[in-house]
Amino acid sequence: MSIYDINFNQKAIELAPPDKRRPIFVKWVQSLLSQNTILHKKIFIDYKTGASYPNYNPALTYSQGVLVIYGETVYQSLENSNASVPTDPSKWIVYQTSFIGTNERITYNHVKLSLEYALNRRFQTTFNQPPTLSDIYIVTNAKPFGPFIVGADEPISSSSYSTTSSDFIINAYSFGTLFYNFTVYVPLAVYNGVSATPSARENIFRTFIDQYNTIGINYNIQTY
């Protein structure tokens, strides 16, 4: 058993003297430990392992204390008969910034297969191992040009002429051309579904990807 798997209700019984294990006394101790139970679930289960609450449904109303997933975030309702969207701070409070547990998130990185899995996990689409494409998939782009090589011997060196060269030569104008190292392909319905505001959609994807992408690696997002 993990050190994080603590059942405070059971501990209230185990740690009480045998002559004090009457129901009324046990309930009293358990009530004193109830806040610990709530914090334990929030930190060592929902934050560490991951939250599995239902997605927010705009057709429903929610009772006080109910937890839902909206986007990547877990929200908790602050009142009964709550019909507001979870981003309304007067009706909801952020319970966790991500429904994906830290045990899982620390394994994410910019490596293609890992990032594909992370994207499909985050946006709740289907991840498939190759050769079958996932709903959200990544294509590594080939560089449109090779470097200019200066070798020790002429046969392995690139050639340069008055107006052309056998390979690409970097100059002051080259840095104005942005090369995308990889492209993230997202189903159009998934892309449009993350926000009603078109200008916010790409930023939602980039906010997630940039947590795991290596600095200096450029990418773009395409729908299909």
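The values are calculated or read from the model by the stated rules, or taken from the named source; none is laboratory data. All values derive from a computational prediction rather than experimental measurement. Cβ coordinates were reconstructed from backbone atoms using ideal geometry, including for glycine residues, and neighbour counts include every protein chain displayed.
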Check: Restricting region 70-83 to residues that are surrounded by fewer than 16 Cβ atoms within 10 Å (Cβ to Cβ) and not hydroxyl-bearing (Ser, Thr, Tyr), which is nearest to Lys42 (Cα to Cα)?
Finding: Glu79
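Criterion first (farther than 22 Å from Thr49 by Cβ, in contact with a Phe, Trp or Tyr (Cβ under 8 Å, 6 or more places away or on another chain) and either surrounded by fewer than 13 Cβ atoms within 10 Å (Cβ to Cβ) or among the aliphatic types (A, V, I, L, M) (or both)) does Leu67 satisfy it? Break it down stepwise before answering.
Values: farther than 22 Å from Thr49 by Cβ: no; in contact with a Phe, Trp or Tyr (Cβ under 8 Å, 6 or more places away or on another chain): yes; either surrounded by fewer than 13 Cβ atoms within 10 Å (Cβ to Cβ) or among the aliphatic types (A, V, I, L, M) (or both): yes.
No.
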Note to self: Considering only region 166-186, I want to know if a residue exists there that is farther than 16 Å from Gln222 by Cα, surrounded by fewer than 14 Cβ atoms within 10 Å (Cβ to Cβ) and at pLDDT 95 or above.
What the structure shows: no
Note to self: Considering only residues that are surrounded by 12 or more Cβ atoms within 10 Å (Cβ to Cβ) and in contact (Cβ under 8 Å) with a residue 24 or more places away in the chain, which ones fall in region 53-64?
What the structure shows: Tyr53, Tyr56
Note to self: If I go through region 27-46 residue by residue, how many of them are at pLDDT 85 or above and surrounded by 15 or more Cβ atoms within 10 Å (Cβ to Cβ)?
What the structure shows: 4
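Would you point out which residue out of Ser84, Ser52, Ser98 is small (Gly, Ala, Ser) and more than 18 Å from the chain's Cα centre (by Cα)? Explain how you work it out, then say what you get.
Numbers: Ser52 fails: more than 18 Å from the chain's Cα centre (by Cα); Ser98 fails: more than 18 Å from the chain's Cα centre (by Cα).
Every option except Ser84 fails the conditions.
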Check: Within the bounds of region 115-125, is there any residue that is at negative phi and surrounded by fewer than 12 Cβ atoms within 10 Å (Cβ to Cβ)?
Finding: no
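Tally the residues that are part of a loop (DSSP other than H, G, I, E, B) and either acidic (Asp, Glu) or in contact with a Phe, Trp or Tyr (Cβ under 6 Å, 6 or more places away or on another chain) (or both), restricting the search to region 120-143.
Filtering region 120-143 for residues part of a loop (DSSP other than H, G, I, E, B) gives 123-136, 141-143.
Next, from what is left, pick out any that are either acidic (Asp, Glu) or in contact with a Phe, Trp or Tyr (Cβ under 6 Å, 6 or more places away or on another chain) (or both): 127, 134-135, 141.
Looking only at that region, the number is 4.
Considering only region 175-224, state which residues are small (Gly, Ala, Ser) and farther than 18 Å from Thr73 by Cα.
Here is the first cut: in region 175-224, the ones small (Gly, Ala, Ser) are 176, 189, 193, 195-196, 199-200, 216.
Correct list: Gly176, Ala189, Ser199, Gly216.
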Next item on the list: Check Asn192 against each of (1) outside any helix (DSSP H, G or I); (2) loosely packed, with under 14 Cβ neighbours inside 10 Å; (3) touching a strand residue (DSSP E or B) at 6+ places or on another chain (Cβ under 9 Å); (4) modelled with pLDDT of 75 or more and name the one condition it does not meet.
Entry: (1)
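Give the residue that is surrounded by the most Cβ atoms within 10 Å (Cβ to Cβ), with candidates limited to residues of region 209-224 that are in contact with a strand residue (DSSP E or B) (Cβ under 6 Å, 6 or more places away or on another chain) and of a type in the set (Val, Ile, Thr).
If we filter region 209-224 for residues that are in contact with a strand residue (DSSP E or B) (Cβ under 6 Å, 6 or more places away or on another chain), which is where we start, we get 219-224.
Going one step further and asking which of them are of a type in the set (Val, Ile, Thr), we end up with 221, 223.
On the way: Ile221: 16, Thr223: 14.
Going through the qualifying residues, I end up with Ile221.
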